[in-house]
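Student: Here it is, the structure, as structure tokens.
The values are calculated or read from the model by the stated rules, or taken from the named source; none is laboratory data. Predicted, not measured: the structure shown is a model, and the values here were computed from it. Cβ placement follows ideal geometry from the backbone for every residue including glycine, while neighbour counts extend to all protein chains displayed.
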Amino acid sequence: MAGNRFNGFQNHGVGIGLRIPHYDHIFAQKPAVDWFEIISENYMIDGGRPLAMLDRIMEQYKVVQHGVSMYFGSAQAPDREHLRRLKNLVQRTKTPWLSDHLCWGSIDGTYSHDLLPLPYTWEAVEKTAARIREVQDFLEIPVAVENVSSYAEFVDSEMTEWEFLNEVVERADCGILLDVNNIYVSSVNHDFAPMDYVNAVPAERVAQIHVAGHTRYEKYILDTHDHPVIEPVWQLYARAIERCGPTPTLLEWDDRIPEFDEVWAEARKAERFLQPASSEEPVLTGAA
Amino acid sequence: MTSPMSLEQLQRTMGAAVMQPLTPEEQMQQCDTTGRFSGRAMADVAGEFIRPNSRLTSFERLEIYNRQYWFRIQSAFHEDFPGLRAVVGPERFETLMNAYLQAHPSRSFTLRNLGSKLLAWLTQNPQFAGSRLTLALDVVRVEWACIEAFDNEELAHLTATDVAALAGESRLALQPHVQLLALTYPADDLVLDMHQQQKRESSEAGTRSEDVDEAPFKPLRLRKRPTWLAVHRADLSLYYKRLSRPEFQMLSALRDGRTLAESLEAGFAGSRLSANTRLNLVREWFANWAELGWICKQQ
């Protein structure tokens, strides 16, 4: 499969998140990274070093935008200033697709700066899908929504998380950024089988996949992006690739960021799964 | 059985709970302290919309988000105002920070703007700065100016031809990244050592910066000295440039949209300098400002 309409029919290969501590290494060594994912909000500014560094990166590499504050699931209308700045950046980067999270995070103009979970209700399906369509129409590029890690479930939920995701993306006619680490984290926190989730996702809508590390506490897992990817998450990734075909894949490492080579080596572990898929079903081990 | 909350009601309820201040032990309050939930037990509030599981109660699940919210915005505030912390001390800084963030939670999609109201708030709430209010306010001015200068727009600056065509009625503008400050203390000396040139990045990691509480507190001594300062950007880096009072006054007048002639008058208001000295100074300033690219056409 050479991409789909939700990622501009691109097969970007394996990328990593663009992070400031790696700039010097990237400019000096020009590592053979397939692509970088940028956090849109870090560049939705008027000038200065961040945009200059981004322009230098774009001279050499493909970049794809990933947002953390569009809050597709917020019940209220999106911030027009946010949308305007986002579109300016889209025009600058020419990102082939754009992703953000299936969550909410602001209310009455106050921002939590967190990826807060949604109740899996029909009202949330309708409102979230409408907002995704609005953003997609405004930006005029494909949008992919990412499943988030969560630590709470709502009394009012009427369906599973993957049923909710599927309903939203069908009604919004958008892509999915499938974060297999987030599936794993939520599966432990909410006691479901993560492979059920991976198997239920509409493969033809998966524009991109995220892998990442996390931190396990006594009673729950926190999505910290500060460790290598654990084997059960790679197993979920393997199954996702088996179902979706080769898909642009991105390793997230956002805290306690190691040297560039260590992050890149961790990301390249995905390449073993991106080879022609084996017919053998991967075996999931270690997940709750 | 209660009817389900609408999505908006649920988000308003959860938002209020998540943004409620933590206890001094950095845990969720046992009872509502904001009045939003009429002082009720937070376990009851959480139980109304969050399902428990076999390991965590509704309260404990909500508490994860409550802690994450505060840790994230506190980390951002720490990163933006290390100089203020050095002036007021770590304990007072924590109290000041939490009071400010409660009064002014983020109203922007970016944490970059978190401290935008700090100067006005601290001016109105001086008790949070202790005995070093004037210095604290100066440091806040410099630290906020750094944020503005770091990523504000850079417009096309005046060319030599533009400069040659200037007349007394010309109205000019300053680069948006040039921040002019009139200070009671040379607070830039203090801030310079503490600020990293590279700024915080947004991310989705649910982590807390580890160095927040590790910076050693050294009481700082600084003598009062009227200081006029420009915080600006050149070659993508931040710089502090000390200005003379007339230079500061003239730049401020230009920034405020006054004509060139009015700005000259404002610059030398009350000055005893001879006309010849003034002329030489203005030539020197303009040459310097042109080299730095500070002066633009009015938009």
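Student: Take the range B:34-63 and flag every residue that is in contact with a Leu (Cβ under 7 Å, 6 or more places away or on another chain) and small (Gly, Ala, Ser).
Tutor: Selection gives B:ALA46 alone.
Student: At least 2 residues that are aromatic (Phe, Trp, Tyr) in each: list the helices (runs of 4 or more DSSP H) lying fully within the range B:213-299 that qualify.
Tutor: Details: elements: B:245-255, B:260-267, B:275-292.
Of the helices (runs of 4 or more DSSP H) lying wholly inside the range B:213-299, those with at least 2 residues that are aromatic (Phe, Trp, Tyr) span B:275-292.
Student: Ok, one more. Would it be correct to say that B:PHE77 is crowded, with 21+ Cβ neighbours inside 10 Å, under 30 Å from A:PHE72 (Cα atoms) and in contact (Cβ under 8 Å) with a residue 12 or more places away in the chain?
Tutor: yes
Student: Looking only at the range A:6-36, count how many residues are within 21 Å of A:GLU242 (Cβ to Cβ) and assigned to a loop (DSSP other than H, G, I, E, B).
Tutor: 8
Student: With the requirement that a residue be of a type in the set (D, E, K, R), assigned to a helix (DSSP H, G or I) and over 16 Å from the mean Cα position of the chain (by Cα), what does the range A:37-72 give you?
Tutor: A:ARG49, A:ASP55, A:ARG56, A:GLU59
Student: Moving to a separate point now. Quick check on my filter: what residues within the range A:125-144 are among the hydrophobic types (A, V, I, L, M, F, W, C) and out of contact with any Gly (no Cβ under 6 Å at 6 or more places or on another chain)?
Tutor: A:VAL125, A:ALA129, A:ALA130, A:ILE132, A:VAL135, A:PHE138, A:LEU139, A:ILE141, A:VAL143
Student: Further question on the same structure: Between residues in the range B:41-62 that are assigned to a loop (DSSP other than H, G, I, E, B) and residues that are of a type outside the set (Ser, Thr, Tyr) and modelled with pLDDT under 95, which pairs lie under 7 Å by C-beta distance while being six or more apart or on different chains?
Tutor: Close Cβ pairs satisfying both conditions: B:PHE49/B:MET5.
Student: Okay, next question. So, B:ALA43, is that one modelled with pLDDT of 95 or more, more than 22 Å from B:SER106 (Cβ to Cβ) and either surrounded by 15 or more Cβ atoms within 10 Å (Cβ to Cβ) or at the interface with chain A (Cβ under 9 Å from one of its Cβ atoms) (or both) or not?
Tutor: For B:ALA43, the condition - modelled with pLDDT of 95 or more, more than 22 Å from B:SER106 (Cβ to Cβ) and either surrounded by 15 or more Cβ atoms within 10 Å (Cβ to Cβ) or at the interface with chain A (Cβ under 9 Å from one of its Cβ atoms) (or both) - is met.
Student: Could you grab me the full set of residues in the range B:7-28 that are surrounded by fewer than 17 Cβ atoms within 10 Å (Cβ to Cβ) and more than 7 Å from chain A (Cβ to nearest Cβ)?
Tutor: Those that are surrounded by fewer than 17 Cβ atoms within 10 Å (Cβ to Cβ) and more than 7 Å from chain A (Cβ to nearest Cβ): B:GLN9, B:PRO21, B:THR23, B:PRO24, B:GLU25, B:GLU26, B:GLN27.
Student: Oh, and also: Which residue out of A:GLU280, A:GLU266, A:GLU262 is at pLDDT 95 or above and more than 18 Å from the chain's Cα centre (by Cα)?
Tutor: After applying the criteria, what remains is A:GLU262.
For (1) at pLDDT 85 or above; (2) in contact with a strand residue (DSSP E or B) (Cβ under 7 Å, 6 or more places away or on another chain); (3) surrounded by fewer than 15 Cβ atoms within 10 Å (Cβ to Cβ), each residue gets a yes or a no:
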site	(1), (2), (3)
B:ALA156	yes, yes, yes
B:ALA160	no, no, yes
B:ALA167	yes, no, yes
B:LEU180	yes, yes, no
B:ASP188	yes, yes, no
B:GLN196	no, no, yes
B:LYS199	no, no, no
B:ALA205	no, no, no
B:GLU210	no, no, yes
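Student: Residue pairs, Cβ under 7 Å, 6 or more apart or interchain, first in the range B:103-119 and farther than 23 Å from A:ASP100 by Cα and modelled with pLDDT of 95 or more, second of a type in the set (Lys, Arg) and not in a loop (DSSP other than H, G, I, E, B). List them.
Tutor: Matching pairs, first to second residue: B:LEU119/B:ARG141.
Student: Right, next: If I filter the range B:124-137 for residues that are touching a Lys or Arg at 6+ places or on another chain (Cβ under 9 Å) and on the phi > 0 side of the Ramachandran plot, do I get at least one hit? Explain how you work it out, then say what you get.
Tutor: Kept after step one, since they are touching a Lys or Arg at 6+ places or on another chain (Cβ under 9 Å), are these residues of the range B:124-137: B:128-130, B:134-135.
Subset that is on the phi > 0 side of the Ramachandran plot: B:130.
Checked the range B:124-137: at least one residue is touching a Lys or Arg at 6+ places or on another chain (Cβ under 9 Å) and on the phi > 0 side of the Ramachandran plot.
Student: A:THR128 passes all but one of (1) farther than 30 Å from B:THR57 by Cβ; (2) in a helix (DSSP H, G or I); which number fails?
Tutor: (1)
Student: Separate question: What's the total number of residues in the range A:1-45 that are surrounded by fewer than 15 Cβ atoms within 10 Å (Cβ to Cβ) and of a type in the set (Asp, Glu)?
Tutor: 1
Student: Let me ask another. Evaluate the following for A:GLU140: is it more than 8 Å from chain B (Cβ to nearest Cβ), buried (at least 24 other Cβ atoms within 10 Å of the Cβ) and either more than 23 Å from A:LEU250 (Cα to Cα) or among the acidic types (Asp, Glu) (or both)?
Tutor: Values: more than 8 Å from chain B (Cβ to nearest Cβ): yes; buried (at least 24 other Cβ atoms within 10 Å of the Cβ): no; either more than 23 Å from A:LEU250 (Cα to Cα) or among the acidic types (Asp, Glu) (or both): yes.
Answer is no for this residue.
Student: Ok, one more. Within the range A:224-262, take every residue that is out of contact with any Leu (no Cβ under 9 Å at 6 or more places or on another chain) and part of a strand (DSSP E or B) and give me the one that is nearest to the other protein chains (Cβ to nearest Cβ).
Tutor: Result: A:GLU252.
Student: Only one of (1) in contact (Cβ under 8 Å) with a residue 40 or more places away in the chain; (2) within 16 Å of the chain's Cα centre (by Cα); (3) part of a helix (DSSP H, G or I) fails for A:SER150. Which number is that?
Tutor: Only one criterion in (1) in contact (Cβ under 8 Å) with a residue 40 or more places away in the chain; (2) within 16 Å of the chain's Cα centre (by Cα); (3) part of a helix (DSSP H, G or I) is unmet by A:SER150, namely (3).
Student: Continuing with the same structure: One residue is enough: does the range A:225-240 have a residue meeting the conditions buried (at least 22 other Cβ atoms within 10 Å of the Cβ), at pLDDT below 95 and not hydrophobic (A, V, I, L, M, F, W, C)?
Tutor: yes
Student: Identify all residues within the range A:153-181 that are within 14 Å of another protein chain (Cβ to nearest Cβ) and either in a loop (DSSP other than H, G, I, E, B) or more than 19 Å from A:LEU236 (Cβ to Cβ) (or both); write none if there are none.
Tutor: Listed by number, the residues that qualify are A:GLU153, A:PHE154, A:VAL155, A:ASP156, A:SER157, A:GLU158, A:MET159, A:THR160, A:VAL168.
Student: Looking only at the range A:52-66, filter to residues that are touching a residue at least 12 places away in the same chain (Cβ under 8 Å) and at the interface with chain B (Cβ under 9 Å from one of its Cβ atoms); which one of those is farthest from A:PRO117 (Cα to Cα)?
Tutor: Only one residue fits best here, namely A:MET53.
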